[in-house]
Amino acid sequence: MLQPERATNKSELLGFKEAKQLCKTSIIPLPAEKLPLLGAAGRILAHDIFALVDSPSVDGSLKDGYAVLSKDIETASENNPVTLQLAGTLYAGGTESLSITPGTAIRILTGAEIPEGADSVVAEEFTHQAGEKLTVMNTAEPGRNILFRGTDVKQGEVIGAKGSYITPGILGLAAAAGHSRLSVVRRPKVALIATGDEVVAPGQPLDRGKLYASNITTLAGWCRKYGLDVHLEIVQDTPEAIEKCFTQMHTTCDAMITSGGAWTGDHDLVAKVLSHMGGDIVFHRLRIGPGKATGLAMLSGKPVFILPGGPPSNLMGFLQVALPGIMQLGGCSEPPLSCCRVCCSEELRTNYPDWVQFIFGRLQAKADGEPPLFIPLLKKSRLRSMAEADAVISINEGKTAIAEHAIITAQLLR
């Protein structure tokens, strides 16, 4: 039975849907910057982009062949060939101006502009050339083998939507549409701050009762996966040390993500320090498990994501709240985690239908293209379960169970 730890006062905890909506309304994307095409690859479009030109810029041939009047060869076949007079040759990028008249044909290579008067191109495999005479043995209806002007890109049309990733395909489309630079949202600089007298940086001596900063290391890996600039800090559990760190990181970074010090104990100081600094606590404590101590504050217009210190709660709060919020800050309008349909390997239950219960699991491929099997990871080792997880599923508010073999949506972690 999956049972999230519950706060004593349910009214203090916000629903997951409400929290996501508050993130959307509180976080404003960073300003735009213009980059050369290649520098914009993988970035987020700051505005819709429109085609500046038609592509192709002229009607062109799709094949090597002969530009003709379709009516001249409408009866052509192997048993009834039609003979035409050759009137020249056209090449891709050439500047020669030729035109078709009834009874003539022009040799044309792939990409060359269709000559005036022609309405089709007959492929060369259906022809035979002898000197200035061309024998045609097949028909070619109007438009055959012609790529018309603006077929790929039409001037004025939207070729990339605001908030979308600039994929290699969009990059090529932008080039074809006449762009040499694109306006993208500036990438956020993110401070990852671990609080706790017990937390030690990896590589330092580990004294009795201490632990290495695995949480912010994991989160840094996720941030790097999405191309974010990160700065890691470890701070002692005193109001003065935390405020000093927040002040420094706030001036150099666009957002902060804290790890630990998020609940109600004597050393859980993050929200208290943020309030003391004039920060607005948008929400703090959610009806999600793991991760109920997750929160969002706005400090002088910059978001601060408050994450609990327990590893599963820390990562889930990051994946479900902080990562989407950071990506929104970077202008992304799409959910950061892709999804797929999976088949649940066993029944999963919760006693709390007013919560969202998240579950880590691994995926096992099934035969014949069926949805992969989702196998929940409920090991004693929290870190190992997180490290081995391929996906996350949820028992949403209003439900108490997912049936065995149910087909559900999973968020992918790889």
Inset, instruction - For residue 134, indicate whether it is over 38 Å from the mean Cα position of the chain (by Cα), in a strand (DSSP E or B) and surrounded by 16 or more Cβ atoms within 10 Å (Cβ to Cβ). - result: yes
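Quick one: which of 286, 319, 315 is assigned by TED's automatic domain parsing to the domain that holds residue 218 and more than 21 Å from the chain's Cα centre (by Cα)? Full working, then the answer.
Values: 319 fails: more than 21 Å from the chain's Cα centre (by Cα); 315 fails: more than 21 Å from the chain's Cα centre (by Cα).
Residue meeting the stated conditions: 286.
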Inset, instruction - Pull up the stretch 3-23, narrow it to residues that are touching a Lys or Arg at 6+ places or on another chain (Cβ under 8 Å) and at pLDDT 50 or above, then point me to the one that is farthest from residue 395 (Cα to Cα). - result: 12
Inset, instruction - Kindly indicate whether residue 164 is over 25 Å from residue 63 (Cα atoms), among the hydroxyl-bearing types (Ser, Thr, Tyr) and either buried (at least 18 other Cβ atoms within 10 Å of the Cβ) or in contact with a strand residue (DSSP E or B) (Cβ under 9 Å, 6 or more places away or on another chain) (or both). - result: yes
Inset, instruction - For residue 258, state whether it is in contact with a Pro (Cβ under 7 Å, 6 or more places away or on another chain), at pLDDT 95 or above, of a type in the set (Ser, Thr, Tyr) and not assigned by TED's automatic domain parsing to the domain that holds residue 408. - result: no
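Would it be correct to say that residue 309 is surrounded by 18 or more Cβ atoms within 10 Å (Cβ to Cβ), closer than 19 Å to residue 164 by Cα, small (Gly, Ala, Ser) and in contact with a strand residue (DSSP E or B) (Cβ under 7 Å, 6 or more places away or on another chain)? Please lay out each step first, then the result.
On the way: surrounded by 18 or more Cβ atoms within 10 Å (Cβ to Cβ): yes; closer than 19 Å to residue 164 by Cα: no; small (Gly, Ala, Ser): yes; in contact with a strand residue (DSSP E or B) (Cβ under 7 Å, 6 or more places away or on another chain): yes.
Answer is no for this residue.
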Inset, instruction - Take the stretch 209-240 and flag every residue that is at pLDDT 95 or above and of a type in the set (Gly, Ala, Ser). - result: 220, 221
Inset, instruction - Considering each of 261, 295, 279 in turn, give the residue that is under 30 Å from residue 43 (Cβ atoms) and buried (at least 24 other Cβ atoms within 10 Å of the Cβ). - result: 295
Legend entry - Cβ-Cβ under 6 Å pairs, at least 6 apart or on other chains, the stretch 172-200 side farther than 30 Å from residue 230 by Cα, far side buried (at least 19 other Cβ atoms within 10 Å of the Cβ) and of a type outside the set (A, V, I, L, M): 176/55
Inset, instruction - Those residues that are charged (D, E, K, R), free of Cβ contacts under 8 Å to residues at least 40 places away in the same chain and not in a loop (DSSP other than H, G, I, E, B), I need them from the stretch 376-414; list them, please. - result: 384, 388
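Just one of 150, 203 is of a type in the set (Gly, Ala, Ser) and either outside the structural domain of residue 243 (by TED's automatic domain parsing) or over 30 Å from residue 246 (Cβ atoms) (or both); which is it?
Result of the check over 150, 203: 150.
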Legend entry - Those residues of the stretch 98-116 which are farther than 18 Å from residue 62 by Cβ and out of contact with any Leu (no Cβ under 7 Å at 6 or more places or on another chain), in sequence order: 99, 101, 116
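Would you please name the residue that is farthest from residue 301 (Cα to Cα), looking only at residues in the stretch 234-263 that are in a loop (DSSP other than H, G, I, E, B) and touching a helix residue (DSSP H, G or I) at 6+ places or on another chain (Cβ under 9 Å)?
So in the stretch 234-263, the residues in a loop (DSSP other than H, G, I, E, B) come out as 236-238, 253-254, 260-263.
Remaining after also requiring touching a helix residue (DSSP H, G or I) at 6+ places or on another chain (Cβ under 9 Å): 236, 254, 260-262.
Working: 236: 25, 254: 9, 260: 22, 261: 22, 262: 21 Å.
Step by step, filter the stretch 234-263, then rank; the result is 236.
The values are calculated or read from the model by the stated rules, or taken from the named source; none is laboratory data. These numbers were taken from a predicted model, which means no experiment stands behind them. Neighbour counts run over all protein chains shown; Cβ positions are idealised from the backbone, glycine included.
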